[in-house]
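Report on one structure; see the data block that follows.
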Amino acid sequence: MSAFVTDQFRILNAGSFVESISNNSYYAFLGLSNPTSAGFGRLNDWNTSTTNNPTDNFQYLDHYKDTSLFGKKITSENARRVIRKIEWVANNQYDMYRHDYGQNNQASFSKALKLYESDYYVITSDFKVYICIENGTSGLNPTVPRSTLEPTHTDVEPVSYADGYRWKYLFKVSPSDVIKFDSTEFIVVPNDWATTTDSDIQIIRDGGNSDNNNNQIKTVYIENGGTNYSNATHSIIGDGTGGEVSITTTGGVITDIQVTQGGKGYTYGIVDLSTNSGAGSKLIPIIPPSKGHGSDIYKELGTDKVLLYARFDDSTKDFPIDTKFSQVGVIKNPEKFTEAVTFTGNTFSSLFSVGLSTSRTVTIGEEISQNQGNNVIAKGYVASFDAETKILKYYQDRSLCFGNKVDQTQSLLTSNVVSFNNSSNIVFSQSGGASSIDTALNGSVITVNSKQINLDSTFENGLSNPEINKKTGDIIYIDNRPIVQRDSRQKEDVKIILEF
């Protein structure tokens with residue numbers, strides 16, 4: 001026997017994820033400043049290779065943590081359910097909402113076999129979202145007309161336009177959401193539809209609650225008009241109550257149906273024509289999701305994707321502007337570096353830092369080392385150097401002790417991962433030379449040319465640890481990207497789509 005996971009399960013999971021954000025610490029992070037150097041998880045042709053897809057196993061997940069640079073907290077305000085973008089364009093054709101698409105009932109225009117794969121909703125030029133209640137088709141005339149009139153109304157009830165389309169208004173994407181979440185592929189959907197006190201949403205949501213308004217069913221599709229019918233009013237029978245329609249005939253054929261009472265509680269129904277004189281008709285009441293159109297837009301629109309937004313700029317020293325990155329990820333509930341407590345700050349640096357005594361030039365991604373005596377050598381990769389504050393930031397990963405690849409052959413092990421200390425100079429493999437450590441650097445604020453600078457990390461005798469413990473947290477998303485060089489004149493707006 002066959003089985004499948006339903007679309008509603010995916011929609012539920014997307015909703016559960018959005019709701020979980022307020023009770024957890026999710027962070028978007030950037031990482032891996034040297035993807036083209038020799039080492040684990042790197043490729044010489046990183047920017048052009050078709051084989052540098054992320055690997056989903058524990059070995060790689062730990063590596064993504066090790067090479068992370070910094071993160072920005074994802075709040076509920078920066079997470080939205082999204083749907084596939086279908087724009088209203090003059091003279092395009094659109095499907096209508098139907099609850100019964102399937103193998104034997106394809107969508108009239110797109111020929112989709114599932115509602116959520118059909119083109120039954122649109123976003124207009126002024127960012128209003130509508131679903132198509134009727135698209136001018138019937139069994140008598142199955143040809144889908146072209147939509148020539150852009151819907152503009154904001155009425156609670158659907159409005160018919162002269163081009164044959166009837167549209168139901170749902171919501172308008174707010175200007176702030178356009179700025180954060182606008183995408184060429186997706187439409188952002190408001191959060192908290194069921195509970196929000198936003199008056200514009202309340203009107204549509206409550207208007208779609210047939211328990212209060214007795215207006216669940218909006219249209220009845222004429223599959224077959226039959227013969228010998230007369231104009232009359234008839235009830236919709238099924239598992240709901242109160243539905244009523246008025247039929248109009250031409251030459252005994254049912255050619256038009258108006259829903260005069262939408263009723264409530266229907267999951268199926270049929271127009272009761274037992275008191276009419278005709279025969280052979282097939283009239284299909286179109287059953288809305290939930291209690292009515294607009295009552296639950298997540299179910300109505302199939303919101304099984306979530307868009308996460310984060311902005312990285314030069315507003316904090318946690319986000320060094322001279323670094324590079326080639327990975328974008330999301331981590332859940334990393335812990336503080338100093339204790340087993342979930343980190344909750346707005347931003348974090350996952351880099352070690354050291355204050356140098358003098359300024360110098362560095363090469364981002366180059367290897368640094370420190371001979372601590374007794375054959376103990378600390379190694380790291382440069383992530384950033386701030387010439388003004390003389391703060392060097394670096395990270396350490398398994399490439400430093402396993403060479404060009406992870407191979408447990410005894411002869412290939414070059415060293416253990418050792419933390420840097422302030423006992424000796426740091427040697428630079430590419431930019432050359434060595435630099436001593438400013439052991440007098442303490443605290444989180446320094447003064448440079450009479451200007452106080454917040455370092456966003458606390459130093460002790462020239463050294464500072466990351467704000468998070470890289471061995472903690474769960475990577476829930478990772479994406480390998482062509483190398484991006486950060487710059488003080490640019491901001492990175494990161495938009496991540498999670499599909500459930």
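The values are calculated or read from the model by the stated rules, or taken from the named source; none is laboratory data. This one's a predicted model, so the numbers in the text were calculated from it and none came from an experiment. All Cβ positions, glycine included, derive from the backbone under ideal geometry; neighbour counts span all protein chains shown.
Here are the numbers for the structure shown:
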read-out: In region 307-335, residue surrounded by the most Cβ atoms within 10 Å (Cβ to Cβ) [restricted to those that are among the hydroxyl-bearing types (Ser, Thr, Tyr) and under 19 Å from residue 384 (Cβ atoms)]; value: 326
read-out: Subset of region 382-398 (residues that are assigned to a strand (DSSP E or B) and not acidic (Asp, Glu)); value: 382, 383, 384, 385, 391, 392, 393, 394, 395
read-out: Test result for residue 455, under 41 Å from the mean Cα position of the chain (by Cα), surrounded by 12 or more Cβ atoms within 10 Å (Cβ to Cβ), under 18 Å from residue 389 (Cβ atoms) and not assigned by TED's automatic domain parsing to the domain that holds residue 317; value: yes
read-out: Scan of region 106-146 for residues that are among the charged types (D, E, K, R) and assigned to a loop (DSSP other than H, G, I, E, B), ordered by number; value: 111, 114, 119, 126, 146
read-out: Residue in region 98-112 that is of a type outside the set (S, T, N, Q) and in contact with a strand residue (DSSP E or B) (Cβ under 6 Å, 6 or more places away or on another chain) present; value: no
read-out: Selection from region 79-91 of residues that are of a type outside the set (D, E, K, R) and either exposed (fewer than 15 other Cβ atoms within 10 Å of the Cβ) or part of a loop (DSSP other than H, G, I, E, B) (or both); value: 86, 88, 89, 90, 91
read-out: Criterion (touching a Ser or Thr at 6+ places or on another chain (Cβ under 7 Å), under 30 Å from residue 23 (Cα atoms), surrounded by fewer than 17 Cβ atoms within 10 Å (Cβ to Cβ) and not aliphatic (A, V, I, L, M)) met by exactly one of 344, 338, 363, 358; value: 344
read-out: Residue check, residue 453 out of contact with any Cys (no Cβ under 7 Å at 6 or more places or on another chain) and at pLDDT below 95; value: yes
read-out: One residue from 224, 213 being in contact with a strand residue (DSSP E or B) (Cβ under 9 Å, 6 or more places away or on another chain) and buried (at least 16 other Cβ atoms within 10 Å of the Cβ); value: 213
read-out: Looking only at region 232-248, and only at residues there that are free of Cβ contacts under 8 Å to residues at least 24 places away in the same chain and polar (S, T, N, Q), the one that is farthest from residue 269 (Cα to Cα); value: 248
read-out: Any hit, region 165-174, residues being more than 17 Å from residue 300 (Cβ to Cβ), of a type outside the set (D, E, K, R), touching a residue at least 12 places away in the same chain (Cβ under 8 Å) and not in a loop (DSSP other than H, G, I, E, B); value: no
read-out: Selected residue (criterion: farthest from the chain's Cα centre (by Cα)) from residues of region 140-164 that are in contact (Cβ under 8 Å) with a residue 40 or more places away in the chain and more than 19 Å from residue 297 (Cβ to Cβ); value: 140
read-out: Scope region 114-139; condition more than 22 Å from the chain's Cα centre (by Cα) and without any contact (Cβ under 8 Å) to a residue 24 or more places away in the chain; matching residues; value: none
read-out: All positions within region 173-185 that are over 14 Å from the mean Cα position of the chain (by Cα) and crowded, with 18+ Cβ neighbours inside 10 Å; value: 173
